[in-house]
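Enquirer: Okay, here's the structure, questions in a sec.
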Amino acid sequence: MANSEIQTSDRIELRFEFSCFVLISASLPDNLAYYLVISTSHALVRLTSSALRDTLGLQLSFKEKKADNALPLCASPHSLYPPSEEGNTVITVSGMGGLGKTALVNNVYEREKNNFYAYSRITVSQTYNAIDLLRKLLRKIEYPEQTQLSDLDDGDLKNIIKEKLKDKTFLIVLDDVWKREVYTLIEDAFQNCQTSRIIITTRQGDVAALAQPTRQLKLKKLEHSDAFDLFCKKAFHNSKHIKCPHDLEKLAHDIVDGCQGIPLAIVTIGGLLSLVEPENYVWNEMYRQLRDELVNNNHVQAILNLSYQGFAVKKQHSTPEEVADRYLRELIQRNTLEVVEIDELGRASNCKMHDLVRDLALSIAKEEKFGYANDYGTMMEMGSDVRRLSSCGWKDNTVLRFNFPHIRTLVSMRAMSSSSYMLSSILLESNYLTVLELQDSEITEVPQSIGNLFNLHYIGLRRTKVKTLPDSVEKLSNLHTLDIKQTKIEKLSRGIAKVKKLRHLIDDRYADEKHSEFRYFIGMQAPKDLSNMKELQTLETVQANKDLADQLKKLLKLRSVWIDNISSADCAKLFATLSNMQLLSSLLLAARDENEALFFEDLRPKSKELHRLIIRGQWAKRTLDYPIFRDHGTQLNYLALSWCHLGEDTLEMLSSRLENLTCLRLNNMHSTKNLVFDANAFPRLKMLVLKHMPDVNQIKIMNGAHPVIADIDSHVLDTNLALLLWNYI
C-alpha cells in the first residue's frame, strides 16, 4: 500500500490482523472510535471519514503496531477461535445513504470470503421476502446453478441450510437492511454453524442495534479536504497528475461543497465531469444545472438527476448489443452502477444499483409511465395508461382480467399465476408490447394470441413450466430474443425458422436438476429450416445431428454456439464448420455420453474472438497437440472441462498451452493423485474451480504461482484436500 493519509471527522482506527477482521471500540473524548480490522500483516491504521477512500480507489497508509485484543471475524482453517467467539456474531455498518457502507463492506468481504467454508452477499432493500433470502443463501451454499427451489417453504430451506452448515464456518453480508426482522426471520438457519459472521449495512438505528455496541460502526461524511481529493481522482483521472487545473479550482470547490461530504455524490459528479472538457464554460454550465436541481432535491438526488440519460438511442453503425454495452460501461464509469462480478475478459457480468440511484430510478419511472405491482390489488389500481409494468415474487390463484392497451414492457418474475387467463387478457389488448419477461412464473402455457403482437422483440420464459409454444409464434416477424432455457419444451415447431430477425435462441432444458448425470442438461432438436435464421448470434443449446453442420454453414453471424449429443462420427464435419465462423466467441461441445470420445483435430478456429471454450466428454489421444490448443490456446480466457479423463497431471498439461487463461473449471476429472501449480503456471489465472475430482488428494501451489488469482472454489472436494489447498495459498 502506498502512503496516503486517511482521516475521518471522528477518529476511527483500522487494525490489521493476519486473516481476521474485527470490530471493537475504544473511548475518545467526544465519541466512540471503532476499530475495523482487515486482513493483512500486523499493522494499525488511523482513519478519518475518508476511510472509505480505500474502497473508492485510494490507498491506505499505516503504522506498525501490535494488535493485542482483536476479536476474530474470520480465520484460516489452521487458526483457532477463542471459545467466546464461536457461534453467530453480528456486525453492523450504518450511516446515511451514499456514505459508502456497501463499498467498504464489499472490500472486506472480497478479502475474507475464502477463509470460510461458505459465504454469501445479498442485497435486501426495502422490499424483501424471507423465503427468497433463504433461497439465495442456499444457492450460494450449494452449486450456483441449482435453481429449482420453488417448492420448498421457509422451514424446509432452513433445515437444509442448517444441515449444510453443520459444524462449518459461514460469512454473510446482508446489504441495505431496513427492518430488524430481516435478520430475526432467518437467524435460526445458522444455529448449527461452528462459527458465523453476519455483516449488516443499514441506514436505520434500530437495525444497527442488532449488533453489540462494540460491533457497531457508524460512518460519517467526508471532510472537505478529503472530499476534494476524491473528487479530483474521479474528475481528472485521465490527466497526468490527477490534479485540478488552477482556473477551475474555485468552481471545483463549490461543486464539492454541494456534495456535502457524501462519497456517492462526489464520485457521481466527478465521473460525469470526467467525460467533458475541463473548460470553465462547460463546468459553469454543469454547476448551474446542479444549483437548479438543488432547489427541489436533496444534494445526492440533485447530482444523480444530472446523470440521468433517458432511454438508449440506436446508433447507425452499431448493433443493439454494442449500444447496450456502451451504455453499461458509461453508467459504471459514472458510478451509477456498481460492478458485482466480472467475466473472464474483465467485462461487467453482474451489476447492482445503489439504493439512492434506485430511488432516482423510481421517481423517474413514474414520469415515464412505469408501474410496479407486488399484489393483485395494486395491479387492479394501475392506470390503463401504464407503459411499462413490473411485478416480482408474489403468487395468487385469483383469476382476473386486466386491460393495459398502451403497455410496452411486461416483466413478471415469479409473479404470474399458473392460470393462462390473466396473461391472455393482457396480451389480447396489448398491441404495442415489445418485451415479455415471465421468468420463474407458474405459467404452463402461452396463449395463441401472442402471435398477434407484431412489435414483440423479446420473450423470456426461463424456468417456467411451459411445455410447448403455440404455432402462432412464427408470426412474430420482429422477435429478436427467445429465452426458453430450463422450461419443459423439448422441440420447437418448424415454423420458428420463419422468425428471420431472431438473434438469440436460448433453449436447453434440465434433465437432472442435481447435475450429477453426464447429460444433466439437454439441447433442443434443431428446426429443419435452421439455416434460414441468418440473423442468429446466439444458439444455446442445440442437439447434434447428421444435418447440423450443413445448416450452421449459412449462419455467419453466430457468436455463441452450444452443441450437445455429439458423437465421434459428427466431429470432423461439425468442427470444420465451426472453425469457419469468423465471429465465434463462445463454444460449448458436449458428447452424447461420458464414454464417447471427441476428436478435435478438425477444430481450427479462424475467429480471433473465441475466448470461451467448454468441453464435456472424453478426449481423443494427443488432443492438446491439436490446433485448438496448440495454435489457439493463447487466445482462450475461459476453459471448463468435464468428464475428460486425461490420466496425468491435468494442470501441468494445460498450463503449457494456456498462458492467458483467467478462469479454469474442472469437473469430474480423473487424474493423478497430485495436482501441482508450478511458479510459471497460468500467470493470469483469477479463478480456479475444482469439483468432483475423485482421484485427487493433494494440491501443491508452489511459491510464486498465481500472482493475481482472486478466487479458488474447492468446497465440494473432501475436507483434507481443501485444508491443504489453503495451507499453500
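Enquirer: Of the residues that sit in segment 658-669 and are at pLDDT 85 or above and assigned to a loop (DSSP other than H, G, I, E, B), which one is most open to solvent (accessible area, probe 1.4 Å)?
Expert: Per the criteria, the residue is E659.
Enquirer: Then there's this: For segment 443-495, how many residues meet the condition of being of a type in the set (F, W, Y) and over 32 Å from the mean Cα position of the chain (by Cα)?
Expert: Going through segment 443-495 one residue at a time, the tally reaches 1.
Enquirer: Any residue at all in segment 499-509 that is touching a helix residue (DSSP H, G or I) at 6+ places or on another chain (Cβ under 8 Å) and among the acidic types (D, E)?
Expert: Scanning segment 499-509, I find no residue that is touching a helix residue (DSSP H, G or I) at 6+ places or on another chain (Cβ under 8 Å) and among the acidic types (D, E), so the answer is no.
Enquirer: Please report, ordered by residue number, the strands (runs of 3 or more DSSP E) entirely within segment 443-554 with at least 1 residues that are in contact with a His (Cβ under 9 Å, 6 or more places away or on another chain) and of a type outside the set (F, W, Y).
Expert: Passing ranges, in order: 481-483, 504-506, 538-543.
Enquirer: Out of P245, P213, P278, I need the residue that is open to solvent by less than 50 Å² (accessible area, probe 1.4 Å), on the phi < 0 side of the Ramachandran plot and not hydroxyl-bearing (S, T, Y). Which one?
Expert: When all the criteria are applied, what remains is P245.
Enquirer: Take the residues in segment 400-430 that are closer than 17 Å to N452 by Cα, assigned to a loop (DSSP other than H, G, I, E, B) and touching a helix residue (DSSP H, G or I) at 6+ places or on another chain (Cβ under 9 Å); name whichever of them is modelled with the highest pLDDT.
Expert: So the residue we want is I407.
Enquirer: Okay, moving on. Residues that are of a type in the set (G, A, S) and either modelled with pLDDT under 90 or out of contact with any strand residue (DSSP E or B) (no Cβ under 8 Å at 6 or more places or on another chain) (or both): does segment 612-619 have at least one?
Expert: For segment 612-619, residues of a type in the set (G, A, S) and either modelled with pLDDT under 90 or out of contact with any strand residue (DSSP E or B) (no Cβ under 8 Å at 6 or more places or on another chain) (or both): absent.
Enquirer: Among the residues of segment 585-607, which ones are open to solvent by 10 Å² or more (accessible area, probe 1.4 Å) and either of a type outside the set (K, R) or at pLDDT below 90 (or both)?
Expert: The answer is S585, S586, D593, E594, N595, E596, A597, F599, E601, D602, P605.
The values are calculated or read from the model by the stated rules, or taken from the named source; none is laboratory data. Remember, predicted model here, so these are calculated numbers, not experimental data. Cβ: placed from backbone, ideal geometry, glycine included. Neighbour counts: every protein chain shown. Just the protein is used for accessible areas: all its heavy atoms, side chains included, with ligands, DNA and RNA removed. Shrake-Rupley method; radii C 1.70, N 1.55, O 1.52, S 1.80 Å.
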